[in-house]
Amino acid sequence: MKTITFKKDGEWALGVKTERGILDVKEAVRLLMADTEGIPVTVDELILQGEKGKEALQRLAETELAFREGTFYPEDSLTLGPCVVSPQKIICVGLNYKKHAEESNMALPETPILFSKFSNALAGHLQEVKIPERSLQVDYEVELGVVIGRTARNVEVDEARNYVYGYCTANDLSARDLQFKTGQWLLGKTCDGFSPAGPYLVSSDEIEDPNQLGLKTVLNGTVRQDSNTADMVFSCEEIISYVSQHMTLCPGDLILTGTPEGVIMGEPEGERFWLKDGDEVTVEVEGLGKLTTIMRK
C-alpha cells in the first residue's frame with residue numbers, strides 16, 4: 001500500500017494512492033458514518049495498526065460509498081506533506097556507502113555512525129526549502145528511509161525486518177560548512193526543511209529486498225547520484241538491530257540509511273557548485289517514488 005499526507009483544513013490528512021486517484025480517508029469515513037471502527041484516519045494510526053490498518057483501508061477504498069464525489073483527488077492537485085509527520089526520532093547513518101566513504105576520503109566505519117535530525121527538518125514533495133542564511137555549502141543526499149512499525153528493543157538482525165512498517169524516499173540535505181564547524185554534525189543536518197521524505201510511504205510487503213534498490217539524484221535535469229543500496233556498508237537489518245541495542249525504536253520512527261557517491265562534497269574542491277536559489281533536486285529510490293525539493297535563498 002502507498003499512502004501520502006496532504007494538507008486539508010490546516011492539518012495533514014491521510015490519503016491512499018489508488019487507480020482512481022488519492023482517497024481522502026477521513027472524508028470517506030465521514031460519508032460511511034457506520035462500520036468505521038478500526039479504520040485508521042491518520043498516518044500515525046495506520047503505522048500503529050500495521051496489517052490490520054492496511055486491510056481496513058483497502059476495504060474502505062473498495063466500498064461503494066467511498067466512490068462518491070469528493071473522496072478521490074488527482075495527486076497533482078494536492079499539497080503533499082512528509083510521508084510521516086510526527087516521528088519520535090529521526091535517526092541518520094553516516095558514511096554507509098562504500099563509494100561515498102571513498103569520495104569523502106574517509107575510512108569505512110566499523111560500526112554505524114549515527115546522528116539525528118528533528119521534526120522541524122521534515123518536508124514534503126515539491127516543498128520549497130530555504131538555504132540557511134549562515135551557510136554557503138548546501139548539499140543533497142538521496143537516501144532510503146525506513147519507517148519503524150513496532151516497538152523494537154535489542155532486536156536480532158534476522159528479525160529486524162519484522163519491525164518495519166515501510167519505506168520511503170528521503171533527501172538528507174546537508175549544510176557542509178555548518179556540519180563540519182565542529183566534530184558534531186547536528187548543526188548542518190537539521191536545518192528547517194532539511195529532511196524531505198516521501199511522497200509515498202510504501203508498506204514493506206511491496207518491497208522484496210530493501211538492500212537491492214536503485215537510488216538516483218537529478219539536479220536541474222542532470223543525474224548526479226546513481227547507485228544501489230547493495231553498496232551499503234551496513235544493511236537495513238544491521239542498522240535496525242544496532243540502533244535497537246542502544247535505544248528503543250518506536251512506531252513511526254524514521255531511519256535514513258545513508259547516501260551513495262555523487263554528492264557535491266565529493267567533487268574536487270574547485271569544482272564544488274553548492275545548491276543555490278532556484279535549484280530543483282529530485283531524489284528517487286526504486287519502487288518508492290520521486291521526491292522533488294526546490295531550494296530558495
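For residue 138, state whether it is more than 27 Å from residue 124 (Cβ to Cβ) and of a type outside the set (Gly, Ala, Ser).
Here the answer is no, as residue 138 does not meet what is asked.
Here is a list: 252, 266, 221. Which entry is modelled with pLDDT of 95 or more and within 19 Å of residue 140 (Cβ to Cβ)?
Residue meeting the stated conditions: 221.
Out of the range 172-183, which residues are without any contact (Cβ under 8 Å) to a residue 40 or more places away in the chain and either farther than 13 Å from residue 265 by Cβ or part of a loop (DSSP other than H, G, I, E, B) (or both)?
Once the filter is applied, which keeps residues that are without any contact (Cβ under 8 Å) to a residue 40 or more places away in the chain and either farther than 13 Å from residue 265 by Cβ or part of a loop (DSSP other than H, G, I, E, B) (or both), the range 172-183 yields 180, 181, 182, 183.
If you take the residues of the range 26-66 that are of a type in the set (Asp, Glu) and at pLDDT 90 or above, which of them is farthest from residue 167 (Cα to Cα)?
The selected residue is 27.
Check 108, 60 and return the single one that is touching a residue at least 12 places away in the same chain (Cβ under 8 Å), of a type outside the set (Asp, Glu) and not assigned by TED's automatic domain parsing to the domain that holds residue 43.
Step by step, each of 108, 60 is checked, and only 108 is touching a residue at least 12 places away in the same chain (Cβ under 8 Å), of a type outside the set (Asp, Glu) and not assigned by TED's automatic domain parsing to the domain that holds residue 43.
All but one of (1) under 20 Å from residue 288 (Cβ atoms); (2) under 18 Å from the mean Cα position of the chain (by Cα); (3) not in a loop (DSSP other than H, G, I, E, B) hold for residue 223, so report the exception by its number.
Of everything listed in (1) under 20 Å from residue 288 (Cβ atoms); (2) under 18 Å from the mean Cα position of the chain (by Cα); (3) not in a loop (DSSP other than H, G, I, E, B), residue 223 misses just condition (2).
Report whether or not residue 53 is buried (at least 16 other Cβ atoms within 10 Å of the Cβ) and not aliphatic (A, V, I, L, M).
yes
Can you pull out the residues in the range 95-134 that are within 16 Å of the chain's Cα centre (by Cα), of a type in the set (A, V, I, L, M, F, W, C) and buried (at least 21 other Cβ atoms within 10 Å of the Cβ)?
121, 122, 123, 129
Would you be able to say whether some residue in the range 62-80 is within 29 Å of residue 294 (Cα to Cα), of a type in the set (A, V, I, L, M) and out of contact with any His (no Cβ under 9 Å at 6 or more places or on another chain)?
yes
Scan 193, 166 and give me the residue that is in a strand (DSSP E or B) and within 14 Å of the chain's Cα centre (by Cα).
Exactly one residue qualifies, and that residue is 166.
Conditions: (1) within 20 Å of residue 291 (Cβ to Cβ); (2) more than 14 Å from the chain's Cα centre (by Cα). Residue 137 meets all but one. Number of the miss?
Result: residue 137 fails condition (1) only.
Output the number of residues of the range 245-262 satisfying the condition of being out of contact with any Pro (no Cβ under 7 Å at 6 or more places or on another chain) and buried (at least 20 other Cβ atoms within 10 Å of the Cβ).
Within the range 245-262, residues that are out of contact with any Pro (no Cβ under 7 Å at 6 or more places or on another chain) and buried (at least 20 other Cβ atoms within 10 Å of the Cβ) number 9.
Report yes if residue 187 is more than 19 Å from the chain's Cα centre (by Cα) and either at pLDDT 95 or above or part of a loop (DSSP other than H, G, I, E, B) (or both), otherwise no.
Spelling it out, residue 187 is indeed more than 19 Å from the chain's Cα centre (by Cα) and either at pLDDT 95 or above or part of a loop (DSSP other than H, G, I, E, B) (or both).
Using the structure shown, decide if residue 169 is out of contact with any Gly (no Cβ under 7 Å at 6 or more places or on another chain), in contact (Cβ under 8 Å) with a residue 40 or more places away in the chain and assigned by TED's automatic domain parsing to the domain that holds residue 272.
For residue 169, the condition - out of contact with any Gly (no Cβ under 7 Å at 6 or more places or on another chain), in contact (Cβ under 8 Å) with a residue 40 or more places away in the chain and assigned by TED's automatic domain parsing to the domain that holds residue 272 - is not met.
The values are calculated or read from the model by the stated rules, or taken from the named source; none is laboratory data. This structure is a prediction, so every number in the text was calculated from the model and none was measured. All Cβ positions, glycine included, derive from the backbone under ideal geometry; neighbour counts span all protein chains shown.
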